[in-house]
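Novice: Have a look at this one before I ask anything.
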Amino acid sequence: MKIGLIGLGIMGRPMAKNILKGGFTDLLVSDLNQAAVDDVVSCGAKQATNKEIGETCDVVLTMLPNSPHVKAVMLGANGVSNYMKEGQVFIDMSSINPVASKEIAAELAKKGVEMLDAPVSGGEPKAIDGTLSFMVGGKQEIFDKFKPLLETMGASVVRCGEVGAGNTTKLANQIVVACNIQAVAEAFTMAQKAGVDPQLVFEAIKGGLAGSTVMNAKAPMMIAGDDKPGFKIDLHIKDLNNALDCAHSVGAPVPMTAAVQEILQWMHSHEGGQKDHSAIAQYYEFLTDIKIGR
Ligand code: NAD
């Protein structure tokens with residue numbers, strides 16, 4: 001199977017290496033960042049243009065920032081789909097607006113090209129380990145055919161419905177993660193202001209009902225004052241904008257998402273956009289004039 005992968009950033013670069021390690025060695029890659037391309041080429045991939053990828057690959061994968069990037073790469077003037085024909089498949093692994101996923105799928109369907117939207121959860125560490133969680137939308141038979149390819153990058157690959165269902169599931173995931181981080185930051189700030197060590201709060205509650213994967217990953221970062229990304233605040237703002245759009249269009253109220261989005265916006269306007277999303281804690285530290293755990 002010949003595979004094309006466009007987008008070799010924090011996530012796409014290790015994912016490309018896991019595709020190669022998984023035995024899918026006929027891999028063409030492209031990115032605006034030549035250093036990322038060189039790195040993946042040194043592991044066995046070949047550099048290619050949009051035209052070469054569109055004309056020759058059985059399946060085209062993308063791992064790009066947001067909806068406009070995926071639309072430009074696939075449907076733009078020199079977009080990959082200009083060179084694709086019936087029978088080829090497109091799998092978008094980026095986290096984008098599900099409405100955009102459906103629009104791209106509809107355009108590709110005009111040429112007989114099938115699409116899966118297959119965003120991931122797990123971040124850079126799991127992208128490196130090949131243990132990401134995929135949430136996939138699209139036809140069952142296309143999912144079944146390409147599940148083994150996705151399993152080279154992920155430990156869990158679940159079909160959630162038709163095209164768009166993958167990104168809808170990802171938005172649900174991002175709401176839960178953002179609100180959970182906010183709750184941990186708010187609770188630890190209150191504990192410290194009340195004179196209780198947040199590290200001991202963490203030790204005491206992590207095994208109970210309040211414990212979570214988010215708390216286990218992000219509480220130690222807040223306590224250490226470590227804001228190195230991980231997952232950047234600006235990317236989380238992008239996801240929650242998509243969540244708010246989606247929620248408004250289907251008539252679902254999301255007041256908690258709106259509140260945490262305002263905190264993320266405050267972080268963005270205070271030079272926090274490139275920090276890890278656990279730096280939501282810095283908003284509370286600013287308001288209360290403390291440093292959590294320090
Ligand atoms: P990134 O910014 O590190 O990488 C994006 C890559 O796309 C860059 O290398 C950039 O050069 C490339 N690119 C942009 N436009 C391009 C174009 N026109 N042609 C070719 N290449 C182009 O982002 P990332 O962290 O790898 O995230 C990618 C996607 O995965 C996003 O949708 C993000 O929300 C999602 N995601 C990220 C994480 C995480 O922890 N970083 C976790 C889960 C999901």
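Novice: Looking at region 69-85 only, could you name the residues that are in contact (Cβ under 8 Å) with a residue 12 or more places away in the chain, more than 8 Å from the ligand (Cβ to nearest atom) and either over 19 Å from the mean Cα position of the chain (by Cα) or surrounded by fewer than 22 Cβ atoms within 10 Å (Cβ to Cβ) (or both)? Spell out the reasoning first.
Specialist: Of the residues in region 69-85, the ones in contact (Cβ under 8 Å) with a residue 12 or more places away in the chain are 69-71, 73-75, 78-85.
After this cut, where a residue has to be more than 8 Å from the ligand (Cβ to nearest atom) as well, the list is 70-71, 74-75, 78-85.
Correct list: LYS71, LEU75, ASN78, GLY79, VAL80, SER81, ASN82, TYR83, MET84, LYS85.
Novice: Under the condition of being free of Cβ contacts under 8 Å to residues at least 60 places away in the same chain and not in a helix (DSSP H, G or I), which residue from region 256-294 is farthest from LYS232 (Cα to Cα)?
Specialist: So, considering only residues that are free of Cβ contacts under 8 Å to residues at least 60 places away in the same chain and not in a helix (DSSP H, G or I), the one farthest from LYS232 (Cα to Cα) is ASP289.
Novice: May I pose another question? What is the one condition in (1) in contact with a Leu (Cβ under 9 Å, 6 or more places away or on another chain); (2) crowded, with 16+ Cβ neighbours inside 10 Å that MET221 does not satisfy?
Specialist: (1)
Novice: Continuing with this model, one more query. If you take the residues in region 232-252 that are over 14 Å from the mean Cα position of the chain (by Cα) and not in a helix (DSSP H, G or I), which one is nearest to GLN265 (Cα to Cα)?
Specialist: The qualifying residue nearest to GLN265 (Cα to Cα) is ALA252.
Novice: Let me ask something else about it. Looking only at region 28-68, count how many residues are of a type in the set (Ser, Thr, Tyr), within 11 Å of the ligand (Cβ to nearest atom) and either part of a helix (DSSP H, G or I) or under 20 Å from the mean Cα position of the chain (by Cα) (or both).
Specialist: Quick first cut of region 28-68, residues of a type in the set (Ser, Thr, Tyr) only: 30, 42, 49, 56, 62, 67.
From what is left, the residues that are within 11 Å of the ligand (Cβ to nearest atom) are 30, 49, 62, 67.
Adding the requirement that they be either part of a helix (DSSP H, G or I) or under 20 Å from the mean Cα position of the chain (by Cα) (or both) leaves 30, 62, 67.
Qualifying residue count for the region: 3.
Novice: Run down GLY122, GLY130 and say which single residue is within 15 Å of the ligand (Cβ to nearest atom), at pLDDT 95 or above, small (Gly, Ala, Ser) and assigned by TED's automatic domain parsing to the domain that holds GLY23.
Specialist: Working: GLY122 fails: at pLDDT 95 or above.
Criteria check complete, one pass: GLY130.
Novice: Of all residues in region 5-14, which are more than 6 Å from the ligand (Cβ to nearest atom) and within 14 Å of VAL60 (Cα to Cα)? Working first, answer last.
Specialist: Step one: of region 5-14, the residues more than 6 Å from the ligand (Cβ to nearest atom) are 5, 13-14.
Correct list: LEU5 only.
Novice: Under 7 Å between Cβ atoms, at least 6 apart or on separate chains: pull out the pairs that start in region 212-231 with a residue that is at pLDDT 95 or above and outside any helix (DSSP H, G or I) and end on any residue that is away from the ligand (no atom under 14 Å from the Cβ) and of a type in the set (Lys, Arg).
Specialist: That search, which allows pairs on different chains as well, returns GLY225/LYS291; GLY225/ARG294.
Novice: Scan region 228-244 for residues that are among the charged types (D, E, K, R) and buried (at least 20 other Cβ atoms within 10 Å of the Cβ) and jot them down. Walk me through it before giving the result.
Specialist: Filtering region 228-244 for residues among the charged types (D, E, K, R) gives 228, 232, 234, 238-239.
ASP239 - this is the single residue of region 228-244 that is among the charged types (D, E, K, R) and buried (at least 20 other Cβ atoms within 10 Å of the Cβ).
Novice: While we're here: Is it true that SER30 is closer than 18 Å to ALA106 by Cβ and buried (at least 20 other Cβ atoms within 10 Å of the Cβ)?
Specialist: Values: closer than 18 Å to ALA106 by Cβ: no; buried (at least 20 other Cβ atoms within 10 Å of the Cβ): yes.
Judged against the criteria, SER30 is not a match.
The values are calculated or read from the model by the stated rules, or taken from the named source; none is laboratory data. None of these values were measured; they are calculated from a predicted model. Cβ atoms come from the backbone with ideal geometry, glycine included; neighbour counts cover every protein chain shown.
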